[in-house]
Amino acid sequence: MSIAKTSTPRAMAAELVRTAGVRMTRQRRAVLEAVLGSCDHPTAASIFERARQILPGISLATVYNCLETLAETGLINHLNFDNGPSRFCANLEPHVHLIDDASGTVLDIHLKTGLRPEDVFDLPPGTCITSMDTCLRGRVPQKSLVIERK
């Protein structure tokens, strides 16, 4: 699904919801806008703080329930890295995550143009990749840690 990356979080949320056919409540919209307005792979606690600025009366339990529904319907990605808290990613294009060992920053890493997962990984014959959930770890140069929405 391709959403204009220059759109506002509110416009992106409206488009995603329209194509997913999910009933959108005020709470789900606030949570989705909070995730879409970030590119730092926020935790549920961070999303709660951001969603409260959009919808002051929202509870932490409601944020968790909304995140679960949004992830189940494919509107966001639910990420688990080691024993850390769950994080959420608004980037729905195929990509992997790179965690900087020094800062803990999580970056989205896309395959080079023209490459497919089958070109990179030695998969069993006939395998059909439906999603990617790969995490790379390493040291990332400081200048590359500037997080921008692409």
Note to self: Tell me the net charge near Phe88. Cut-off is 14 Å between Cβ atoms, Phe88 excluded, with +1 for each Lys or Arg and -1 for each Asp or Glu.
What the structure shows: -4
Next item on the list: Normalising by the residue count of the chain, find the relative contact order in percent from Cα pairs under 8 Å and 6+ residues apart.
Entry: 21
Notebook entry, point to check: Relative to the Cα centre, what is the charge dipole magnitude of the chain, using +1 at the beta carbon of each Lys and Arg, -1 at the beta carbon of each Asp and Glu, and rounding to the nearest 20 debye?
Noted result: 660
Checklist line | Within-14-Å neighbourhood charge of Thr127 [Cβ basis; K, R +1; D, E -1] | finding: -2
Next item on the list: Considering only DSSP beta bridges where both residues belong to the chain, give the percentage that are antiparallel (nearest 5).
Entry: 65
Note to self: Let me check I've understood the local charge: for Ala45, count other residues with C-beta under 12 angstrom from its C-beta, Lys and Arg +1, Asp and Glu -1. What total comes out?
What the structure shows: +2
Next item on the list: Identify which of the listed values of Rg/Rh (Cα atoms, Kirkwood Rh) was calculated from the structure shown: [x] 0.98; [y] 1.25; [z] 0.94.
Entry: [x]
Notebook entry, point to check: Within the chain, which is the longest segment containing none of the chymotrypsin sites (Phe, Trp or Tyr not before Pro) that sit in a DSSP loop and have at most 16 other Cβ atoms within 10 Å?
Noted result: 1-80
Next item on the list: Have a look at the DSSP beta bridges in the stretch 93-140 and tell me what percent are antiparallel, nearest 5.
Entry: 50
Check: Normalised by the residues of the stretch 9-88, what does the relative contact order come to in percent, with Cα pairs under 8 Å and at least six apart?
Finding: 33
Next item on the list: For the chain, with a Gaussian network of springs between Cα atoms less than 10 Å apart, report the residue from Asp101, Asp122, Asp82 with the top mean-square fluctuation.
Entry: Asp122
Next item on the list: Report the residue, chosen from Pro85, Pro42, Pro117, that carries the largest GNM mean-square fluctuation when the chain is represented by alpha-carbon nodes joined by springs under 10 Å.
Entry: Pro117
Checklist line | Positive dipole terminus of the stretch 57-129, leading residue within Asn83, Tyr64, Thr105 (C-beta point charges) | finding: Tyr64
Check: Out of Ile129, Ile76, Ile109, any idea which swings most in a Gaussian network model of the chain, alpha carbons joined below 10 Å?
Finding: Ile129
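The numbers here are math on the coordinates, done by the rules we state, and not lab data. Predicted model only: the values in this text are computed from it and were never measured. Cβ atoms come from the backbone with ideal geometry, glycine included; neighbour counts cover every protein chain shown.
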